[in-house]
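So the structure is just underneath, and the comments pick up after that.
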Amino acid sequence: MSGVGEVSGANRYLSGAKLLEEAFSAKEKAYAPYSRFRVGAALLAASGKIYRGCNVENASFGLSVCAERVALFKAVSEGERDFAALGVAGDGEEYCVPCGACLQVLAEFNPQLVLFLANRRGESVEKRLDELLTAVFSLDRQKVSSNASGNRQGLKIKNSPEGA
């Protein structure tokens with residue numbers, strides 16, 4: 001992504017504080033009647049716009065959606081494709097770290113996304129997505145689109161030791 005949406009210098013801390021403020025606000029709208037664990041997320045697009053999301057649970061647990069993906073899907077549905085940072089706030093004592101599915105979906109757009117992760121007390125830590133998800137699954141889009149036979153030659157894993 002060569003610098004698209006980078007958060008640097010003083011803007012990094014201003015952005016982190018603002019994103020966490022927005023994430024805590026989004027958390028208040030969460031629908032979590034089963035786990036009672038509310039999560040809010042705020043995604044900063046390269047355009048400067050912030051997209052908020054909250055977790056939405058369902059009695060059929062597999063149909064629940066995490067706050068991070070709600071924020072991302074809102075942004076993508078509005079035409080955004082480049083993202084700089086994400087703030088995530090949860091109800092727990094530990095920092096609220098996105099699940100593997102959310103990390104994989106976010107990595108599709110920026111594998112080096114800056115993450116600001118907070119616990120319920122507002123204490124936070126900064127990480128990069130590629131620190132948390134070290135082997136990103138991806139498709140070689142050219143091979144996949146030119147391979148109409150349907151075999152899996154276009155599959156590869158980024159950052160794998162073998163370069164598979």
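Read-outs: derived from the displayed coordinates by stated rules, not from any lab. If you're wondering where the values come from, they're calculated on a predicted model, not measured in any experiment. Every residue, glycine as well, gets a Cβ built from its backbone with ideal geometry; the counts of neighbours run over all protein chains shown.
The table below gives the values:
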{"item": "Chain lengthening between R81 and S64 when straightened (0.36 nm per residue, less Cα-Cα)", "result": "3.7 nm"}
{"item": "Residue-wise HN-Hα coupling along the range 47-61, computed from phi with Karplus coefficients 6.51, -1.76, 1.60 (Hz; x: Gly, Pro)", "result": "6, x, 7, 10, 10, 9, x, 9, 6, 10, 8, 9, 4, 8, 3"}
{"item": "Globularity index of the range 9-133, i.e. its alpha-carbon radius of gyration over 2.2 N^0.38 Å", "result": "0.95"}
{"item": "Amide hydrogen neighbours beyond the local backbone of F83, cut-off 5 Å, H modeled", "result": "A46"}
{"item": "For the range 72-86, Karplus couplings with θ = phi - 60° (6.51, -1.76, 1.60), whole Hz, Gly/Pro x", "result": "5, 5, 4, 5, 5, 5, 9, x, 6, 9, 10, 10, 9, 7, 9"}
{"item": "Burial ranking of peptide ranges 100-112, 127-139, 44-56 (average Cβ count within 10 Å, highest at the top)", "result": "44-56, 100-112, 127-139"}
